[in-house]
Each structure stands twice: as C-alpha cells, then as structure tokens.
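The values are calculated or read from the model by the stated rules, or taken from the named source; none is laboratory data. Keep in mind that what you see is a predicted model, and the values were worked out from it rather than measured. Note that each Cβ is placed from the backbone with ideal geometry, even for glycine, and that neighbours are counted across all protein chains shown.
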Amino acid sequence: MKTCLLVIDVQESFRHRPYFTGQDLPAYLAAQNALIAGCQARGVPVLRILHSDGPETPDNPFSQASGHVRPLDGLAEFDAAATLTKSRHSALVGTGLDVWLTRHGITHLIVSGIRTEQCVETTTRHASDLGWTVDFVPDATLTWDMAQPDGTLLTAAHIKARTATVLQGRFATLCSVEEALARCGGTTGA
C-alpha cells in the first residue's frame, strides 16, 4: 500500500480572519509537524495544498495578491513532493491531485490540515468516494469556534468531535499521529 500525506490549507491566510485565535495552535502544530517528520522519515511523500480564491485584492487573505497564501508560520519546513493550489473545498477538484496520486500509485492517504470540518473533511469524503483508503488524524487538524444558526456557540472541540464521528468507519479510519505513522509502515509512496 503506497501512502501519501496531504497537508491541506496550512497557510497564513487564516491569521487574517476575524475568527482566528491561537488557542489550539501550539497543540495542532506539534501534531502536524510530528506527522510531517514521521512521514518524511519513512519516505512517504508529503503534498502541500494551499487555498486561493475570491477577489484578487490585497485585502482578501486568500488571494495571491495578499501575500498570505503561503505556509503558516510555525509549520515545519519540508520539501513537498508537490504543491497544489485549490479554489474549492475538496483538494481533488481542479488541482490535478487525483492525477498525481494515480501516477504515483498512491492507494492510501493520510489527511491533515485546516479547517477540520471544511476542506479537510470534504477532501476526506471525496477521496474515500473515489476509492482511496483514508486515514484522518484529528489532532493534526485545526478549526475554530462557530456560531450555530440559533446563535449559540459550537466550540472547536465539538466541531472536531462531530467531524470524527461522521467520518469514522464510513469515509476514513480515525488515527492518532502515531497510529497513522504505524499504518504507513516503512512503505514509500514515491
């Protein structure tokens, strides 16, 4: 089984959103960086996926013109096997990711990044539906509190728990960083 790690939307753009807080950032970065380091040590390719959309103006943090569509400060530096830019929630839409994975014989994905319930979950579901085996690593995902339609607060912890609940056993296997690394073993994806 050839494995690949997807690092989705771990970019400076989020620091420039009103909902951004650094509360969960240290724990997330520790898990994300450990996952990257573990994959690199095992020869598993790591793909960087960035998000860019909206008006191409400097005040839009997700536009190239903003200068924020770049790796998040604190993310470990790594040589990406490929860097792709998306403009949709799923990293498999319009990026050529599916072609890259197929050409490299990848059958198993480890999915991580920002936001847990948005681009990371959407990519996980899409990849599963297209036939990839997917490991979802909640600790290596990050999100923020949100207001529910009735105005009550839905905490980031509850969002992560809900995402894990709906993905487990249907679209992905939930893994800790250590479990994900053990599941990719010594096989290489390149």
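Working only within segment 20-35, note down all residues that are in contact with a Ser or Thr (Cβ under 9 Å, 6 or more places away or on another chain) and not hydrophobic (A, V, I, L, M, F, W, C).
Residues of segment 20-35 in contact with a Ser or Thr (Cβ under 9 Å, 6 or more places away or on another chain): 24, 28, 31-32, 35.
Of everything in segment 20-35, those that are in contact with a Ser or Thr (Cβ under 9 Å, 6 or more places away or on another chain) and not hydrophobic (A, V, I, L, M, F, W, C) turn out to be Asp24, Tyr28, Gln32.
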Any chance Glu117 is under 22 Å from His16 (Cβ atoms), of a type in the set (Asp, Glu) and in contact with a helix residue (DSSP H, G or I) (Cβ under 8 Å, 6 or more places away or on another chain): yes
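Hey, could you check segment 102-122 for residues that are over 16 Å from the mean Cα position of the chain (by Cα) and in a helix (DSSP H, G or I) and say which is farthest from Ala157 (Cα to Cα)?
Taking segment 102-122 first, the residues over 16 Å from the mean Cα position of the chain (by Cα) are 102-107.
In the following step, the residues that additionally are in a helix (DSSP H, G or I) were identified as 102-103.
Values: Thr102: 34, Arg103: 37 Å.
Looking at the filtered set, the residue picked out is Arg103.
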Taking Asp98, is it under 26 Å from Thr173 (Cα atoms), surrounded by fewer than 20 Cβ atoms within 10 Å (Cβ to Cβ) and not aliphatic (A, V, I, L, M)? yes
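To keep it simple, each residue is scored yes or no on (1) buried (at least 18 other Cβ atoms within 10 Å of the Cβ); (2) at pLDDT below 95; (3) within 18 Å of Thr3 (Cβ to Cβ).
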position	(1), (2), (3)
Ser112	yes, no, yes
Gln148	no, no, no
Val166	no, no, no
Glu178	no, no, yes
Arg183	no, no, yes
Gly186	no, yes, yes
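Does segment 1-21 hold any residues that are more than 20 Å from Glu77 (Cβ to Cβ) and either without any contact (Cβ under 8 Å) to a residue 60 or more places away in the chain or surrounded by fewer than 16 Cβ atoms within 10 Å (Cβ to Cβ) (or both), and which are they? Working first, answer last.
Taking segment 1-21 first, the residues more than 20 Å from Glu77 (Cβ to Cβ) are 1-3, 16-21.
Residues satisfying the conditions are Met1, His16, Arg17, Pro18, Tyr19, Phe20, Thr21.
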Could you give every pair whose Cβ atoms fall below 8 Å, whose first residue belongs to segment 109-138 and is closer than 21 Å to Ser87 by Cβ, and whose second residue is of a type in the set (Lys, Arg), counting only separations of at least 6 or pairs across chains? Thr116/Lys160; Glu117/Lys160; Glu117/Arg162; Cys119/Lys86
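Looking only at segment 1-29, count how many residues are under 30 Å from Thr102 (Cα atoms) and part of a helix (DSSP H, G or I).
Looking only at segment 1-29, we keep the residues that are under 30 Å from Thr102 (Cα atoms), and these are 1-13, 28-29.
Filter once more, so that each one left must be part of a helix (DSSP H, G or I): 12-13, 28-29.
So the count comes out to 4.
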What's the total number of residues in segment 24-33 that are under 17 Å from Ile8 (Cβ atoms) and in contact with a strand residue (DSSP E or B) (Cβ under 8 Å, 6 or more places away or on another chain)? 5
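Test Leu75 against the criterion of being assigned to a strand (DSSP E or B), within 23 Å of Cys184 (Cβ to Cβ) and touching a residue at least 24 places away in the same chain (Cβ under 8 Å), and give yes or no.
Values: assigned to a strand (DSSP E or B): no; within 23 Å of Cys184 (Cβ to Cβ): yes; touching a residue at least 24 places away in the same chain (Cβ under 8 Å): yes.
No: the conditions fail for Leu75.
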Taking segment 22-68 and the residues there that are aliphatic (A, V, I, L, M) and farther than 20 Å from Lys160 by Cβ, the one that is surrounded by the fewest Cβ atoms within 10 Å (Cβ to Cβ) would be Ala41
Of the residues Thr85, Thr163, which is part of a strand (DSSP E or B) and more than 12 Å from the chain's Cα centre (by Cα)? Thr85
If we keep only residues of segment 135-146 that are among the β-branched types (Val, Ile, Thr) and either loosely packed, with under 14 Cβ neighbours inside 10 Å or not in a loop (DSSP other than H, G, I, E, B) (or both), then the residue farthest from the chain's Cα centre (by Cα) is Val137
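With respect to Ala161, determine if the residue is more than 18 Å from Leu47 (Cα to Cα), of a type in the set (A, V, I, L, M) and loosely packed, with under 15 Cβ neighbours inside 10 Å. Can you show your working first?
Numbers: more than 18 Å from Leu47 (Cα to Cα): yes; of a type in the set (A, V, I, L, M): yes; loosely packed, with under 15 Cβ neighbours inside 10 Å: yes.
Spelling it out, Ala161 is indeed more than 18 Å from Leu47 (Cα to Cα), of a type in the set (A, V, I, L, M) and loosely packed, with under 15 Cβ neighbours inside 10 Å.
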